[in-house]
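K.L.:
Here you go, one structure.
The values are calculated or read from the model by the stated rules, or taken from the named source; none is laboratory data. Just so you know, these numbers come straight off a predicted model, no measurement behind them. Neighbour counts run over all protein chains shown; Cβ positions are idealised from the backbone, glycine included. Quick note on the areas: whole protein, heavy atoms, side chains included, nothing else; ligands and nucleic acids left out. Shrake-Rupley method; radii C 1.70, N 1.55, O 1.52, S 1.80 Å.
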Amino acid sequence: MNKSELIDAIAKDADITKVAAKKALESFISHVSATLKKKDGKVSLVGFGTFSVAERAARQGINPSTKKPIKIAAKKVAKFKAGSELSEAVNGKKK
C-alpha cells in the first residue's frame, strides 16, 4: 500500500473526503516527525507501536566496488517497535 492508497482507505473508512484524509495523514506525519526531532522525542500509540530515535555510532564499512575500508559517520535513526495488538494482527492471533 502506498500513500495515495492509504489516503483512499482512510477516506472510505472514516467517511470523509480524500482531501480531509490527506490533511489528516500529513498532519500525523508532520507531528510525529517534529516530536522525533526533539531531544528524547518519542510517540507511543498504545496497541499499535512506538516511534523513537536511536543513536547509531560511527563505524567502519567497506566500499563494495573498491573493497576499501571507509568511515561511516554517526547519525540518528528513526525506529518503530510494533505494539502487541499490531503484532497479534500480523501473526493472525486474536485475543
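K.L.:
Can you give me the ranges of the helices (runs of 4 or more DSSP H) entirely in the chain with at least 2 residues that are open to solvent by 70 Å² or more (accessible area, probe 1.4 Å) and touching a Ser or Thr at 6+ places or on another chain (Cβ under 6 Å)?
P.N.:
none
K.L.:
Could you please find all residues in the stretch 6-32 being among the charged types (D, E, K, R) and either under 26 Å from Ala78 (Cα atoms) or out of contact with any helix residue (DSSP H, G or I) (no Cβ under 6 Å at 6 or more places or on another chain) (or both)?
P.N.:
Here is the first cut: in the stretch 6-32, the ones among the charged types (D, E, K, R) are 8, 12-13, 15, 18, 22-23, 26.
Residues satisfying the conditions are Asp8, Lys12, Asp13, Asp15, Lys22, Lys23, Glu26.
K.L.:
Now for a different question. Name every residue in the stretch 44-67 that is at positive phi and in contact with a Gly (Cβ under 6 Å, 6 or more places away or on another chain), in order of residue number.
P.N.:
Scanning the stretch 44-67 gives Gly47, Gly49.
K.L.:
Tell me, yes or no, whether the stretch 2-19 has at least one residue that is in contact with a Gly (Cβ under 6 Å, 6 or more places away or on another chain), within 21 Å of Phe80 (Cα to Cα) and not β-branched (Val, Ile, Thr).
P.N.:
no
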